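Below is one structure, written out as structure tokens, with a few remarks after it.
The numbers here are math on the coordinates, done by the rules we state, and not lab data. Model, not experiment: these values are computed from the prediction. With ideal geometry, Cβ positions are generated from the backbone for all residues, glycine too; neighbour counts draw on all protein chains shown.
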Amino acid sequence: MRERIAARRPIGIFDSGVGGLTVLSALHRRLPGESFLYLGDTARLPYGTKSAGTVQRYALKAATHLLRHGVKLLVVACNTATSFALAQLIEASPVPVAGVVEPGVRAALALGVHRIGVIGTEGTIRSGSYQRALARLDGAVSVRGVACPLFVPLAEEGWGDHPITDQVAQTYLTPLLEWGAQALILGCTHYPLLIPSLKRTAGPGVKLVDSASSVADAVAESYPSLLEPGGHGRGEIFIHLTDASEHFLKVARNILGGTPEHLEVVHLDPGGSD
Ligand code: DGL
């Protein structure tokens, strides 16, 4: 009975901006009966250039906001926050917390390749989270990580298929391609928005691992008792932003296939000081 009541509560998801919408969209497709509350912490974007302590503070604030709204599950749709704050979030949260690093690693290992490149924010690469997860799940693969700090603003701008993005990608990816990477993990939820440019630059021989659908599968498989059985109507999507953002709306329309119906600007500090 308690679980049936829990099943009607939304799933909470957060990221610094539009990136986590790639995960939201995969979850919405995988679990159409679920409702979602998505928090885009646009007032504090980017997370990827901040220190571990700052990202932990932001992530805890974001999670507290979602928990205050009664979410039954937290999905950290941000690699930087997963890398720096997953352990703290799990400890602080009364509901289960799912991150994005391990599903991406599992998806890459399923390809059976030996040289895996990881691209992510400065924070994610500096944290070594992917390198650790890959070593833990398959000690035999070689891993190399490259931070790509300009990718997040390009994704927020909606320049996923653009000559400037091609040039930037060329600069970031060349060392990984010369090293012989057979697969590239998109270790930032913003990067799937750049796939046209990334594909062109990486070429057909390199597999791009977008972990959004692996995250959706992992959530669906790990918490069946908390979830709505599929096929009973469509759940709703609620979006909270910490700062009004035209860019967010433009990209959200593309990813979600229409203007979000329920969108609100919120303050994470009760006094509205942020
Ligand atoms: N989308 C986020 C990630 O997956 C963070 C991007 C940022 O705010 O720097 O790391």
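Of note:
- Residue match in the stretch 127-148 (condition: farther than 20 Å from residue 83 by Cβ and within 12 Å of the ligand (Cβ to nearest atom)): no
- Odd one out for residue 121 among (1) farther than 17 Å from residue 190 by Cβ; (2) among the hydroxyl-bearing types (Ser, Thr, Tyr); (3) crowded, with 18+ Cβ neighbours inside 10 Å: (1)
- As a summary of the residue check, residue 99 satisfies the conditions (1) within 20 Å of residue 252 (Cα to Cα); (2) more than 10 Å from the ligand (Cβ to nearest atom); (3) among the small types (Gly, Ala, Ser); (4) crowded, with 24+ Cβ neighbours inside 10 Å except for the one numbered (1).
- Being within 16 Å of the ligand (Cβ to nearest atom), in a helix (DSSP H, G or I), closer than 20 Å to residue 152 by Cα and touching a residue at least 40 places away in the same chain (Cβ under 8 Å) holds for only one residue in 176, 186, 194, and it is 194.
- Among the residues of the stretch 106-125, those that are within 12 Å of the ligand (Cβ to nearest atom) and either outside any strand (DSSP E or B) or among the polar types (S, T, N, Q) (or both) comprise 121, 122, 123, 124, 125.
- Checking each residue in the stretch 131-157 for being assigned to a loop (DSSP other than H, G, I, E, B) and touching a His at 6+ places or on another chain (Cβ under 9 Å) picks out 140, 141, 157.
- Residue check: residue 236 meets all listed conditions (1) touching a Ser or Thr at 6+ places or on another chain (Cβ under 8 Å); (2) surrounded by fewer than 20 Cβ atoms within 10 Å (Cβ to Cβ); (3) within 27 Å of residue 161 (Cα to Cα) but one, namely (3).
- Residue in the stretch 27-37 that is more than 9 Å from the ligand (Cβ to nearest atom), in a helix (DSSP H, G or I) and under 15 Å from residue 99 (Cβ atoms) present: yes
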